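J.: Dropping the structure in here first, questions after.
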Amino acid sequence: MHISAELRQLFARAKRVVVLTGAGVSAESGVPTFRGGGNTAVWKGMPFDVISSAEMVERDLPAVWEWFDYRRNFLQELTPNPAHYEIARWQERFAELTLVTQNIDGLHQKAGSLEVIELHGNIWRARCTACRTTYSMVQEKRPDACFECGDSLRPDVVLFGEMLPPGAFEFAAVRASQSELCFVVGTSALVYPAAGLPEIAKAAGAYVVEVNPERTPLSSLCDEVLTGKAGEVLPLF
Ligand code: BV8
Ligand code: ZN
C-alpha cells in the first residue's frame with residue numbers, strides 16, 4: 001500500500017482535519033464488525049439490525065438489554081489498538097481535528113481522544129425512555145428505573161430507524177464542510193446519515209482518504225484509498 005507524496009504534504013500542513021470511523025477501527029481490538037469478514041454480529045440467530053432496531057425497544061426491551069449487556073460484557077476486556085492511539089495523537093498534530101465515530105464501544109475515549117462525536121451513542125450509557133436522563137454503566141450497574149421520573153431505561157444507543165443525538169450530525173456536517181482533509185477509517189459506508197459525511201467533505205473540496213482492507217461504495221469517491229488495516233496504516237503517518 002502506497003501513501004502518495006501529495007497526501008504526505010497535505011498531512012504535514014493541514015489545519016482542519018475530519019476523521020470518520022466505523023467498526024473496522026476497533027476490529028484489531030477484537031470487536032466483531034457488523035458486515036463482511038464473516039464474523040457478523042448475529043446473536044441468538046437474530047441479525048443485529050433486527051435486534052438493534054427501534055421497534056424491538058417497544059416490543060421486547062428485556063431482549064434489547066440482554067443483547068447490549070452481552071456486548072458490554074464482551075467489550076469490558078478489550079483495549080484500544082494502534083489505530084485508536086494514532087488518532088488520539090492527531091489531536092496534537094492538527095489545529096482542528098474533528099473525530100466522528102459510528103462506534104458505540106468508547107475505545108476512542110479510552111485511547112485519549114477528547115470531544116468524540118458519537119453519532120450512534122455509547123454502549124456504556126443507559127437513557128430514560130421518557131425524560132432522556134442518562135446513567136453511566138462504566139463503573140456501576142444501571143438503576144432499575146429512572147431516578148427522575150420512574151420510567152424505564154434503554155441503551156443510550158441509536159438503533160435503526162431512530163434519530164441521531166440532537167445536533168451531532170449537524171455539527172459533524174459543518175466540520176466536514178470546512179475540512180481540508182477527511183479520513184474515512186473502517187466503515188462499510190452503508191449506514192446513513194453517517195456515510196454522507198465524506199460526500200459533504202468532498203463537495204467542500206477536502207481531500208478524502210479511505211483506510212480499509214476492502215473497497216466500499218465510498219472508494220470511488222475518495223482521492224486516495226489506502227488498502228490495509230487501520231492499526232497498520234495510520235501509524236505510517
Ligand atoms: C435514521 C448502533 C432517520 C446500534 C447502528 C434504505 C436506504 C438508505 C437508508 C435507509 C434505508 N432504510 C433505512 C435507512 C436508514 C438507516 C440506514 O442507513 N440503513 C442502512 C443499513 C441501509 N439509518 C438509520 O436508521 C439511522 N437513523 O436514518 O433515522 C430518521 C428520520 C426521521 C425520523 C426517524 C428516523 C440510524 C443508523 C444507526 C443505527 N445504529 N449502531 C448497535 O451498534 O447495535 S448502525 C451500525 O452500523 C453500527 O453502529 C455501525 O457503526 C454502523 C455502520 O457499520 P460500520 O461501522 O461501517 O461497520 P461494518 O461492520 O458495516 O463495516 C466494517 C468495515 O471495516 C468494513 O468495511 C471492513 O472492511 C472494515 N474493516 C475490517 N477490519 C478492518 C477494517 N477497516 C480497517 N481496519 C481493519 N482492521
Ligand atoms: Zn426519566
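The values are calculated or read from the model by the stated rules, or taken from the named source; none is laboratory data. Note that the structure is predicted; figures quoted are calculated from it, not measured. Glycine also receives a Cβ, built like all others from the backbone with ideal geometry; neighbour counts cover every protein chain displayed. Only protein heavy atoms, including side chains, enter the accessible area calculation; ligands, DNA and RNA are left aside. Shrake-Rupley method; radii C 1.70, N 1.55, O 1.52, S 1.80 Å.
J.: Could you grab me the full set of residues in segment 95-115 that are farther than 15 Å from Pro80 by Cβ and in a loop (DSSP other than H, G, I, E, B)?
T.: First pass over segment 95-115, keeping only residues farther than 15 Å from Pro80 by Cβ: 95-98, 100, 102, 115.
Ala95, Gln102, Glu115 - these are the residues of segment 95-115 that are farther than 15 Å from Pro80 by Cβ and in a loop (DSSP other than H, G, I, E, B).
J.: Given (1) hydrophobic (A, V, I, L, M, F, W, C); (2) within 16 Å of ligand 2 (Cβ to nearest atom); (3) not in a loop (DSSP other than H, G, I, E, B), identify the lone condition not met by Cys149.
T.: In the conditions (1) hydrophobic (A, V, I, L, M, F, W, C); (2) within 16 Å of ligand 2 (Cβ to nearest atom); (3) not in a loop (DSSP other than H, G, I, E, B), Cys149 misses (3) alone.
J.: Report whether or not Tyr192 is open to solvent by 10 Å² or more (accessible area, probe 1.4 Å), in contact with a Cys (Cβ under 9 Å, 6 or more places away or on another chain) and of a type in the set (Ser, Thr, Tyr). Lay out the reasoning, then the answer.
T.: Numbers: open to solvent by 10 Å² or more (accessible area, probe 1.4 Å): yes; in contact with a Cys (Cβ under 9 Å, 6 or more places away or on another chain): no; of a type in the set (Ser, Thr, Tyr): yes.
It is false that Tyr192 is open to solvent by 10 Å² or more (accessible area, probe 1.4 Å), in contact with a Cys (Cβ under 9 Å, 6 or more places away or on another chain) and of a type in the set (Ser, Thr, Tyr).
J.: Evaluate segment 120-134: report whether one residue or more is open to solvent by 30 Å² or more (accessible area, probe 1.4 Å) and free of Cβ contacts under 8 Å to residues at least 12 places away in the same chain.
T.: Yes, segment 120-134 has at least one match.
Condition check ((1) on the phi > 0 side of the Ramachandran plot; (2) polar (S, T, N, Q)) across all residues:
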{"site": "Arg142", "(1), (2)": "no, no"}
{"site": "Gly161", "(1), (2)": "yes, no"}
{"site": "Ser188", "(1), (2)": "no, yes"}
{"site": "Val211", "(1), (2)": "no, no"}
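J.: Report, ordered by the first and then the second residue, all pairs with beta carbons closer than 7 Å, sequence separation of six or more or different chains, a first member in segment 99-114 that is closer than 24 Å to Leu190 by Cα, and a second member that is surrounded by 24 or more Cβ atoms within 10 Å (Cβ to Cβ) and modelled with pLDDT under 95.
T.: Nothing qualifies.
J.: Could you list all residues from segment 143-168 that are free of Cβ contacts under 8 Å to residues at least 60 places away in the same chain and crowded, with 20+ Cβ neighbours inside 10 Å?
T.: Cys146, Leu153, Asp156, Val158
J.: Out of all the residues in segment 116-139, is one or more part of a loop (DSSP other than H, G, I, E, B), of a type in the set (D, E, K, R) and away from ligand 2 (no atom under 16 Å from the Cβ)? Walk me through it before giving the result.
T.: Step one: filter segment 116-139 for residues part of a loop (DSSP other than H, G, I, E, B), giving 116, 119-120, 129-133, 137-139.
Now narrow it down to the ones that are of a type in the set (D, E, K, R): 132.
Then drop every residue that is not away from ligand 2 (no atom under 16 Å from the Cβ), which leaves none.
For segment 116-139, residues part of a loop (DSSP other than H, G, I, E, B), of a type in the set (D, E, K, R) and away from ligand 2 (no atom under 16 Å from the Cβ): absent.
J.: Among the numbered criteria (1) farther than 18 Å from Leu97 by Cα; (2) more than 10 Å from ligand 1 (Cβ to nearest atom), which one does Leu218 miss?
T.: (2)
J.: In the set Val57, Val25, Val17, Val31, which member is in a helix (DSSP H, G or I), touching a Leu at 6+ places or on another chain (Cβ under 7 Å) and either surrounded by 14 or more Cβ atoms within 10 Å (Cβ to Cβ) or modelled with pLDDT of 85 or more (or both)? Even if it seems obvious, please write down each step before you answer.
T.: Values: Val25 fails: touching a Leu at 6+ places or on another chain (Cβ under 7 Å); Val17 fails: in a helix (DSSP H, G or I); Val31 fails: in a helix (DSSP H, G or I).
Residue meeting the stated conditions: Val57.
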